[in-house]
Amino acid sequence: MRLRSALAAVLGAGLLIVTTAASASAAAGQFRYDYVTVEGYEASGFLNSPPNGQCLNLPGVGEDNPQPGHAPKNRTDAWATVFTDANCEGNSFTLRPHTGSASERLKLRSVVFN
């Protein structure tokens, strides 16, 4: 009886580990975008293997920079939904996995990968 209970506990723990690892998965690849710094210089930002299902505010285009990012490039294996405002708010646009450059006119401040 104890052996059966121990075996069930071990199997349950193993299943929990596999489930936890799957929920913490990341989009493989790189997400890139361009922006103008507060000082007025052209710059490129990027996210390497970003987490899935988590809203990410893009570095360089936060509250201290009045200019949003632009021209996103989704080179990950996941769908990317970009937002015009921080915290995944405002207008949104979805980019397919492994796409080339989006329009220079597409402005963004945050993104979520699915």
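The values are calculated or read from the model by the stated rules, or taken from the named source; none is laboratory data. Given the structure is predicted, the values throughout are model-derived calculations rather than measurements. Cβ sites come from the backbone with ideal geometry, for glycine too, and all protein chains shown count toward neighbours. Just the protein is used for accessible areas: all its heavy atoms, side chains included, with ligands, DNA and RNA removed. Shrake-Rupley method; radii C 1.70, N 1.55, O 1.52, S 1.80 Å.
Some points to look at:
- Some residue of the stretch 41-52 being part of a loop (DSSP other than H, G, I, E, B) and exposed (fewer than 14 other Cβ atoms within 10 Å of the Cβ): yes
- All positions within the stretch 71-93 that are outside any strand (DSSP E or B) and open to solvent by 70 Å² or more (accessible area, probe 1.4 Å): Asp77, Trp79, Asn87
- The stretch 21-70, residues that are within 16 Å of the chain's Cα centre (by Cα), closer than 16 Å to Arg109 by Cα and modelled with pLDDT under 95: Gly62
- Scanning the stretch 94-111 for residues that are within 25 Å of Val38 (Cβ to Cβ), of a type outside the set (Ser, Thr, Tyr) and surrounded by 15 or more Cβ atoms within 10 Å (Cβ to Cβ) yields Ala102, Leu106, Lys107, Leu108, Arg109, Val111.
- Matching residues, the stretch 94-107, being in a strand (DSSP E or B) and within 13 Å of the chain's Cα centre (by Cα): Thr94, Leu95
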